[in-house]
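Participant: Input: one structure, supplied below.
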Amino acid sequence: MNSGAIFHANTHASARKLKYELLRIVSACFILFNHINVSSNISTAPNATRYLNYYLIQFFHLGGKFGVNVFVILGCYFLCDSTFNAKRIYRLVSEVAFYGLLLNFADMVIFSKKLSFLEFMHGFSYWFPFSYIVLLLAIPLLNRLLRSGYGKFFCISGFILFAGLMVYGLLNPDRFFKLITMEQISGSLWFCYIYILTAYQKQNNFFAKPEYANYALIVFPLSYISTFFLIIVTEKNILRDMYSPLCYISALSIFMIFHHLKDERISKYERLITRFSGASFGMYLLQCHNNTIQIWNDTVFRYNHWENSPALLPVCILSVCVLMMIAVLINMIYRRIIP
């Protein structure tokens, strides 16, 4: 399987595993739900419905960095056996540029939004593609470090570094917030660490043990739900960031579940899975576009209009389905235009 970019499915369906393509779709859905913006505040909740909706949105918001971790683990699982390939960077940059230009023009033409040059350029979704490009460029160096025989040392050192970062964030949330807004830097470091960690696990046959998948069926819901309750109790949103141990464990667990899934169980959905998996990066770009996301939230789907209604969940599900369909259509156009 050629996993040149985390979200991309670049080979024919027969040459890749459907279970990984399905995992891309599931992870993209987590990210889409995470970016649903509802202003509901528990302190002003007048009834049980709004209380429920408040916790529902908080549960959705666990999905963002969790989904990113899943995609990075998935990409690194295949990349750690590869060499540098400039075509991967080209495909990543071209897709980001295509979606950015398309959505900027849509904002101006359909929604009559006036964009300055800086707003036009800022509309591109930068941090994730930038960090992943850094990872692609760093592959030769990371492989050399792994071949040095110090893989375990780098895994432990990275854990200490990011654990310290989490502790610092818990003690100094305001300063930490300013630090993690530089996601191009922190994201790049985290992606490189995930590469080393995944490669080390693969070298030591961690992923080859089916009993770990059985454990993962228990660990995933426990870690994900534990994160939710910890955030509700402590009000420390840093606990759901990429670097959170519980966030990483949740992502690793669901990867293990899908890694040991038999393709025969989902083979009859091959065409559908392939279509949506190919557009999974587009789903991210479509919703995370800086100029468009407010239009989705406030004008098109109007989530705040439903914050005190039992219809909020159906509206959220419908909106995610609509965004996925739009991404599939745009991806079909992109594949015809960009070689």
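Participant: What pairs come up if the first residue lies in the stretch 194-211 and is closer than 15 Å to residue 248 by Cα, the second is buried (at least 18 other Cβ atoms within 10 Å of the Cβ) and β-branched (Val, Ile, Thr), and their beta carbons are under 7 Å apart, counting only those six or more places apart or on different chains?
Facilitator: Listed pairs, sorted by first residue: 194/72; 194/73; 198/73.
Participant: Here's a follow-up. All but one of (1) at pLDDT below 90; (2) crowded, with 22+ Cβ neighbours inside 10 Å hold for residue 55; state the number of the condition that does not hold.
Facilitator: Unmet for residue 55, out of (1) at pLDDT below 90; (2) crowded, with 22+ Cβ neighbours inside 10 Å: (2).
Participant: Then there's this: Given (1) among the hydrophobic types (A, V, I, L, M, F, W, C); (2) at pLDDT below 90; (3) in contact with a Lys or Arg (Cβ under 8 Å, 6 or more places away or on another chain), identify the lone condition not met by residue 258.
Facilitator: (2)
Participant: Within the stretch 286-339, can you find the residues that are among the acidic types (Asp, Glu) and outside any helix (DSSP H, G or I)?
Facilitator: The one that is among the acidic types (Asp, Glu) and outside any helix (DSSP H, G or I): 307.
Participant: With the condition being at pLDDT 80 or above and on the phi < 0 side of the Ramachandran plot, I'd like the helices (runs of 4 or more DSSP H) fully within the stretch 143-219 carrying at least 1 qualifying residues.
Facilitator: On the way: elements: 151-171, 173-180, 183-203.
So the answer is 151-171, 183-203.
Participant: Could you tell me whether residue 112 is within 27 Å of residue 295 (Cβ to Cβ) and hydroxyl-bearing (Ser, Thr, Tyr)?
Facilitator: Considered against the rule, which asks whether it is within 27 Å of residue 295 (Cβ to Cβ) and hydroxyl-bearing (Ser, Thr, Tyr), residue 112 comes out as yes.
Participant: Okay, moving on. Has the stretch 260-280 got at least one residue that is touching a Phe, Trp or Tyr at 6+ places or on another chain (Cβ under 7 Å), under 19 Å from residue 64 (Cβ atoms) and either hydrophobic (A, V, I, L, M, F, W, C) or buried (at least 20 other Cβ atoms within 10 Å of the Cβ) (or both)?
Facilitator: Taking every residue of the stretch 260-280 in turn, at least one turns out to be touching a Phe, Trp or Tyr at 6+ places or on another chain (Cβ under 7 Å), under 19 Å from residue 64 (Cβ atoms) and either hydrophobic (A, V, I, L, M, F, W, C) or buried (at least 20 other Cβ atoms within 10 Å of the Cβ) (or both).
Participant: Moving on to the next point. Residues that are modelled with pLDDT of 85 or more: which helices (runs of 4 or more DSSP H) entirely in the stretch 63-138 hold 3 or more of them?
Facilitator: In the stretch 63-138, the matching helices (runs of 4 or more DSSP H) lie at 63-79, 86-109.
Residue-by-condition table, conditions (1) over 23 Å from residue 67 (Cβ atoms); (2) in contact with a Phe, Trp or Tyr (Cβ under 6 Å, 6 or more places away or on another chain):
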| position | (1), (2) |
| --- | --- |
| 131 | no, yes |
| 134 | no, no |
| 141 | yes, no |
| 153 | yes, no |
| 156 | yes, no |
| 159 | no, no |
| 162 | no, yes |
| 165 | no, yes |
| 169 | no, yes |
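Participant: Taking the condition surrounded by 17 or more Cβ atoms within 10 Å (Cβ to Cβ) and either assigned to a helix (DSSP H, G or I) or of a type in the set (Phe, Trp, Tyr) (or both), does residue 225 pass?
Facilitator: Taking the combined requirement at face value, the residue does not satisfy it.
Participant: Continuing with this model, one more query. Please go through the stretch 269-327 and pick out each residue that is of a type in the set (Asp, Glu) and under 26 Å from residue 92 (Cβ atoms).
Facilitator: Scanning the stretch 269-327 gives a single hit, 270.
Participant: Still on this structure: Scanning the stretch 58-89 for residues that are surrounded by fewer than 20 Cβ atoms within 10 Å (Cβ to Cβ) and β-branched (Val, Ile, Thr), which turns out farthest from residue 37 (Cα to Cα)?
Facilitator: Looking at residues that are surrounded by fewer than 20 Cβ atoms within 10 Å (Cβ to Cβ) and β-branched (Val, Ile, Thr), I get 83.
Participant: Among the residues of the stretch 119-131, are any closer than 24 Å to residue 158 by Cβ, among the polar types (S, T, N, Q) and surrounded by 21 or more Cβ atoms within 10 Å (Cβ to Cβ)?
Facilitator: Within the stretch 119-131 (the criterion being closer than 24 Å to residue 158 by Cβ, among the polar types (S, T, N, Q) and surrounded by 21 or more Cβ atoms within 10 Å (Cβ to Cβ)), the answer is yes, since at least one residue qualifies.
Participant: How many residues, within the stretch 235-270, are in contact with a helix residue (DSSP H, G or I) (Cβ under 8 Å, 6 or more places away or on another chain) and assigned to a helix (DSSP H, G or I)?
Facilitator: Qualifying residue count for the region: 23.
Participant: Moving to a separate point now. Please name all residue pairs, on different chains or six or more residues apart, with Cβ atoms under 8 Å, provided the first residue is in the stretch 283-311 and is more than 24 Å from residue 334 (Cβ to Cβ) and the second residue is of a type in the set (Phe, Trp, Tyr).
Facilitator: 297/303; 299/111
The values are calculated or read from the model by the stated rules, or taken from the named source; none is laboratory data. This structure is a prediction, so every number in the text was calculated from the model and none was measured. With ideal geometry, Cβ positions are generated from the backbone for all residues, glycine too; neighbour counts draw on all protein chains shown.
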